[in-house]
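The values are calculated or read from the model by the stated rules, or taken from the named source; none is laboratory data. Given the structure is predicted, the values throughout are model-derived calculations rather than measurements. All Cβ positions, even for glycine, are placed from backbone atoms using ideal geometry, and neighbour counts span all protein chains on display. For accessibility, only protein heavy atoms count, side chains too; no ligands or nucleic acids. Shrake-Rupley method; radii C 1.70, N 1.55, O 1.52, S 1.80 Å.
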Amino acid sequence: IVDSLVVGNFVSTEALAAVGIGDRPVRVLLAIFMGIGTGATIRISHYVGASNRDGVRKVIQTANSMMLVVSIPLTIIGLLLTTPVLQWMNTPPEVMPEAISYLSVVFLGVVSLLGYNLNAGILRGLGDSQSSLLFLIIATFVNIGLDLLFVPVLGWGVAGAAWATTIAMTTA
């Protein structure tokens, strides 16, 4: 939402369309990553309920290892498939370059998106839902600040909005 507001007000209608179009594949990724995080929540909460600290530790280590192992191929696949996916979505030609720019930067930040959702799931499994909410609030304010710096001040356009989001998720 923040990317759309900033890009829509400070760049162009094509840039706003690019963020809107790029948002669809990002939402698919987020849904998958939230599902993975929920899986971690369930496994960890079972072990916490059984007072099995070794089981909790093992799930956390496995989740973090999986995050690193999965992020690299997902980033590469995402970068390779950005243009075909946008073409499949019938992205208008005048929007295509900015949509490619937006999605490419987002795919570079896959490790951050997956990392946030996995760690939020781990915290929820441990019984701490407040910390992940606090991290999300902090990331939102970082995103707003960086969007306002990267887009209107530095003139980075759509790529600036994507970098702001990627960096904000990394801080979470």
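Which one is farthest from Val95 (Cα to Cα) among residues in segment 68-84 that are under 15 Å from the mean Cα position of the chain (by Cα) and open to solvent by 60 Å² or more (accessible area, probe 1.4 Å)?
Kept after step one, since they are under 15 Å from the mean Cα position of the chain (by Cα), are these residues of segment 68-84: 68, 70-72, 74-75, 78-79.
Pick out the ones that are also open to solvent by 60 Å² or more (accessible area, probe 1.4 Å) and you get 68, 72, 79.
Working: Leu68: 32, Ile72: 27, Leu79: 18 Å.
Residue satisfying both the conditions and the ranking: Leu68.
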* From the residues in segment 126-167 that are free of Cβ contacts under 8 Å to residues at least 24 places away in the same chain and aliphatic (A, V, I, L, M), which one is least open to solvent (accessible area, probe 1.4 Å)? -> Leu146
* Asked: Where residues in segment 18-38 are open to solvent by less than 30 Å² (accessible area, probe 1.4 Å) and under 13 Å from Asn117 (Cβ atoms), which of them is farthest from the chain's Cα centre (by Cα)?
  -> Gly37
* Asked: Would segment 5-22 turn up any residue that is part of a helix (DSSP H, G or I), acidic (Asp, Glu) and either touching a residue at least 60 places away in the same chain (Cβ under 8 Å) or touching a helix residue (DSSP H, G or I) at 6+ places or on another chain (Cβ under 6 Å) (or both)?
  -> yes
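Rundown of residues vs (1) assigned to a loop (DSSP other than H, G, I, E, B); (2) of a type in the set (Phe, Trp, Tyr); (3) open to solvent by 70 Å² or more (accessible area, probe 1.4 Å); (4) within 19 Å of Val28 (Cα to Cα), yes/no style:
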| residue | (1), (2), (3), (4) |
| --- | --- |
| Val48 | no, no, no, no |
| Pro92 | yes, no, no, no |
| Pro97 | no, no, yes, no |
| Ile100 | no, no, no, yes |
| Leu118 | no, no, no, yes |
| Gly121 | no, no, no, yes |
* Inter-residue pairs, beta-carbon under 8 Å, first modelled with pLDDT under 95 and in segment 88-100, second of a type in the set (Lys, Arg), 6+ apart -> Met89/Arg24
